Structure formats: C-alpha cells, structure tokens
C-alpha cells in the first residue's frame, strides 16, 4: 500500500465538521476560568480541559492538513485547514490571559499545585520553562493585542504556497533531440541528472526557476513580510534579535548557531576541491550549481519503493531490537504516501501528532537519493513513536533541534551498509558521491541558508531596505565564498532564496539540520566504536520527547553541541570522503 489511509483520524468528513463545532465549544469554557487559576481545583480543571481541546485540535488539524497536502489544488480541503486554524486562533485569543495569570501566581505556588496531582506533574518542565521566559510574557492586555494578530501569522506561508505551487504553471521545453518535456519542481533534478547535453541542462534549470525569476518582487515582498513579522515579535516581547527570539524558547545558546556558521564558513576548501574533481571528471567546460545533480557513476538501478524499504531494513538488521521494531512500524502500510501526483505537496516530511501514528509524505523518484529520503523520514516517525510511547502529551513533542538527529542517524546507517556492500568501482563512486552530496546538502548548504537568514534579519534590525536585489546579493556573495561559483551566470539561480520553502514557512529552522547532523554523526561514531551504553543513551534521547532542553538531550545521547569540535568532526569526515573519492576516480 503506497497511499495514506487517514481513517485513523476520520472515516467521513461529517464527523470532522461535528468535531470542529465541539472544538469551538471549548472556547467559552476555557475563557470562563479567567481570574480563577489561583484556586487549585479550578487550576486542575482548566488544564484538563485545555488538554482535551488540544487533543481534539490534533485530530482535526491532522486530517485537514494531510488531506490538503495530497492535493493543494483542492479548495475544500484547504478551507477545512483554514477553518480549524481560525478556531484555534480564537481559542488562543480568548485564553491569552492564562500565561500571565499563571506567572502572577508565582513559581512556588504553581509548582505546589503541580505536586498535588499525577496529571499536573507532567506539566512541571513546561511550567518551569514558562517562568524562565517570564520576561518575554507581556501583560494580559498586551497579550490580547498580540493574539489578535494571530490569524495573520500564517499569511506569508499561504501566500508563498499560492505563488510557488497552487497558481504556478509548469514550463514546457523542447530538448535537443526534439522531445517536449514538462519541467516541474519534482522532476527537474532527475531531468538534469539524466541529461547528457549542457544546453538541455541549462534550459531545464531555467524552466524550473522561471517562476521565481518572474515573480521575484512578489517573493521578496512575501519574505519581507516574514522578516517584519519576526522583527515585530522580538521587539514586542523584548528579545534582542530575531535569532535570540528563535533560540531562547529552547534555551539554545547563540554560540551554538555562530559556531556552526563560522565553522562552515571557514572550511570551504574541500568543497571547492570536490567541485573541481567533478568538473574535471565530467569534462565540463564550465561548472554550474545544477551540475551537482549529474552522477559521477552511471548505475542503471531503479530504486522502487519496495527495494528502498528492503535496503533500509537490511541496514538496521541486527541492531538494538527495540530500535529496529520502531523503524519497521514507521513504514507500516497506510502511513506512507509514496509517489508524486498532481497537486501533491513537493518534498518529503514526517507528520506526527500526539495520539496518532506518524504519517510520511514522499515524492519517490526511484533514485538513490530517494532511498536516503525514506530512511531519513523513517527516523523522524520512529522518533515520534518512541516519544509518544514514553512521554505524556505535555512533554511528548520534541523540538526540531533534536528531530534531525534521529533522521540523519538513519542516513549514516544506510550509507555504511551500502558502502560495505558495494561490488564495483562504479557503485563505490556513486555511494561516495551520495555521502559527499549529503554533507554538502545537510551541513554546508543548510548552514549557507542559515547565514542568509541571519544576514537578512540583520538588515531588518538595522532598518535597511529589503527587495529582490538586496536578497539576491546576499546569496550571490555566499555562493561565491562557499563554492567559488558566480550564480548570476545561471538564469534564475540568484533567486534561490525564493526556492527554499523553509525560509518562508519556518524561519530559523534550517540551521538545525546542520547542527543535528553534527550531533548524529558524533552519536553514530560513539555507537560504531563500541562506546559503553552508546545505543542506550541514544534511545534515552529518542524516548525523552520534549522533557528537557535540546542541547541537554543531545548531550545525554553523547553529543556536546556547545563544543566546536563537534562541528569540526563533520569537516574531518567530509575531507576524508572527498580524498577517498579522488583516489577511487583515479583507480584503474
């Protein structure tokens, strides 16, 4: 079964609409507790009702958002998602008083309340964290004002999706051989990878990026709205900067972000060596960023979904029994939507909501990369299964920061299995390229985008203008430094900032890929080297959900992210892989 079965959420939409009305009924009930939380019984009842409403929201939202992502052109499904978000926004507005009221009670009294009931004890960590953030919680009236802007927070994301997917038209081009092809966001990489013509690759790439070039001013204004919203938020809540606001909630030291950014920026020599190796081996007159999709080795293997699953499961065979069981459960039939379809959201993800099995969205294209994507998303889903089975709802949801540790750990397993079982020079080259490209994409490229976000947000902080030219200039300079490539030579590439959905949907998200990759590599090395209790410590992190701050969780699993050496370990591995590729390419 390669399609989602959403019956776990709802069998029919009549029940969905009925539950939406039930969710709305919680709004006056919860609002009625205003001014009463100082009474223990009312405090307990409020939190029980709030948890009930949250679980109902998960059910409503889970169905609406997954259904919509299967066909973004389905107006009815999009409307359902909007309806549930409107209801939750109203609920947020009507309960905006709750955090200030809890804070007004004082930490000692609130913690005393929590100690009296087993249900309330599960809120100790989030409540302590609330008091930690007290200086950023405003007065009741101020919180109400900010809550009124809640419905506008999703507008940039929705606008971006409309321009980049829903209202966008795919370009058709004629190749050198006379064939006409339609270029989409899902297929342009494979079209380039399979093309032997430099002229065709140029046309394919230009067609894929035409929507970003043609709408550059629109995308720039949307991104400016994202930046301005973030600026308004950090200023209103007394943070020092957008970065400070993004990191404070999870108690992540800003030094973690800057150490990552600086380590990548200072160690680009091997990137340039790799690009020159590729240019020489592929006999290219000039190298463009999209030439990275060309394989150095030509393996005709088509990795369909079943083969991909088989390879991943083989890579984890013999490991910790509980770990293996959860990975198999992550890919159970009905919980993975595998292949691209018209209107389906691009990319891949694992969606997890407490009380429900995680769902994986793929756009499987039969490539080796698709095998790694499957392993990656299985890691996310298995993480959720571990967390939800071991933590109560208030502390089950883990942060993005630790999420990518679980997913990239799976990639390390798969890569080593495939390298070990490579039978030919061509296979080894292909796998080394995959490994190197993985670090290029996950560590260097994501850090480049994180640096871009930081620099763009700094422009806003300094009151500088934001437009397409300004945003493109940041990218042009970063690509020159990282890759020694002039992206203005590629039609549309300087608007790559408009191509990255995370920048619009989840600002200051992408740096966590690189940080988590570094942590997972350290944890993986601990396990490979047989370090005592390394796998058990890793599982402790997977089971810990959101019960601690992510830097502490990574340290529990065996990776100290406050130490710059963690990031240098990735540089060392990358340099080794590039050197190994150089040797392999010259072997007879």
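Tell me, Kirkwood radius of the range 432-529 from alpha-carbon pair distances, in Å? Display every interim value, and only then the final one.
On the way: mean 1/r = 0.0676 Å⁻¹.
Kirkwood radius, the range 432-529: 14.8 Å.
What angle, in degrees between 0 and 90 and rounded to the nearest 10, separates the Cα long axis of helix 198-214 from the longest principal axis of the Cα atoms of the chain?
That helix lies at roughly 30 degrees to the long axis.
Step by step: find N for the range 111-248, compute 2.2 N^0.38 Å, then divide the Cα radius of gyration by it. What's the final number? If you can, show how the numbers build up before the last one.
Numbers: Rg = 24.1 Å, N = 138, 2.2 N^0.38 = 14.3 Å.
Here the answer is 1.68, to two decimals.
Can you tell me, using C-alpha contacts under 8 Å and at least 6 residues apart, the relative contact order of the chain as a whole percent?
On the way: 751 pairs, mean separation 103.6, N = 588.
Relative contact order of the chain: 18 percent.
Between the range 236-314 and the range 472-549, what is the C-alpha centre distance in whole Å?
The range 236-314 and the range 472-549 have Cα centres separated by 7 Å.
Over all alpha-carbon pairs in the range 6-153, figure out the percentage whose distance exceeds 19 Å.
Numbers: 6397 of 10878 pairs.
More than 19 Å apart: 59 percent of the Cα pairs in the range 6-153.
Ranked from highest to lowest mean number of other Cβ atoms within 10 Å per residue, what is the order of the peptides 553-562, 167-176?
In descending order of packing, they fall as 553-562, 167-176.
Under the classification rounded if a/c is under 1.5, otherwise prolate if a/b is larger than b/c and oblate if not, where does the range 253-409 fall, given a ≥ b ≥ c as square roots of the Cα gyration tensor eigenvalues? Could the numbers behind the result be given before it?
Values: a/c = 2.12, a/b = 1.39, b/c = 1.53.
Oblate.
Any chance you could give the angle, 0 to 90 degrees and rounded to 10, that helix 446-461 forms with the longest Cα principal axis of the chain?
Rounded to the nearest ten degrees, it is 60.
Calculate for the chain the 222 nm mean residue ellipticity that helices alone would give, adding -39,500 (n - 2.57) per DSSP H run of length 4 or more and normalising by residue count, nearest 500 deg cm²/dmol.
On the way: 28 runs with 372 residues, N = 588.
Value at 222 nm, helices only: -20000 deg cm²/dmol.
Contact order normalised by length for the range 376-504, with contacts defined as Cα pairs under 8 Å and 6 or more residues apart; what percent is it? Please report the intermediate quantities before stating the final value.
Details: 67 pairs, mean separation 18.8, N = 129.
Answer for the range 376-504 is 15 percent.
By counting other Cβ atoms within 10 Å of each Cβ, how are 60, 277, 577 ranked from fewest to most? Write down the numbers at each step before the final one.
Working: 60 25, 277 18, 577 22.
Taking fewest neighbouring Cβ atoms as first place, the list is 277, 577, 60.
Provide Rg and Dmax in Å for the range 45-128, with only Cα atoms included in the calculation.
Cα-based Rg and Dmax for the range 45-128 come out at 16.9, 51 Å.
Can you match Kirkwood radius over Cα pairs in Å to one of these, [x] 25.5; [y] 24.3; [z] 26.6, based on a calculation from the structure here?
Structure-derived value, by its label: [x].
Which distance in Å, rounded to a whole number, links the C-alpha centroids of the range 157-215 and the range 419-459?
Measuring centre to centre over Cα atoms gives 22 Å.
So what is the relative contact order of the range 27-139, in percent, for Cα pairs below 8 Å that sit 6 or more residues apart?
Relative contact order here is 27 percent.
Provide Rg over Rh for the range 476-557; use the alpha carbon set for both Rg and the Kirkwood Rh (inverse mean inverse pair distance). Please list the in-between numbers first.
Working: Rg = 18.4 Å, Rh = 15.7 Å.
Result: Rg/Rh = 1.17.
None of the figures in this text is laboratory data; all of them are computed from the coordinates on show. Bear in mind that the values here come from a model prediction, so they are computed numbers and not experimental data. Here the Cβ is made from the backbone with ideal geometry for all residues, glycine too, and neighbour counts use every protein chain on show.
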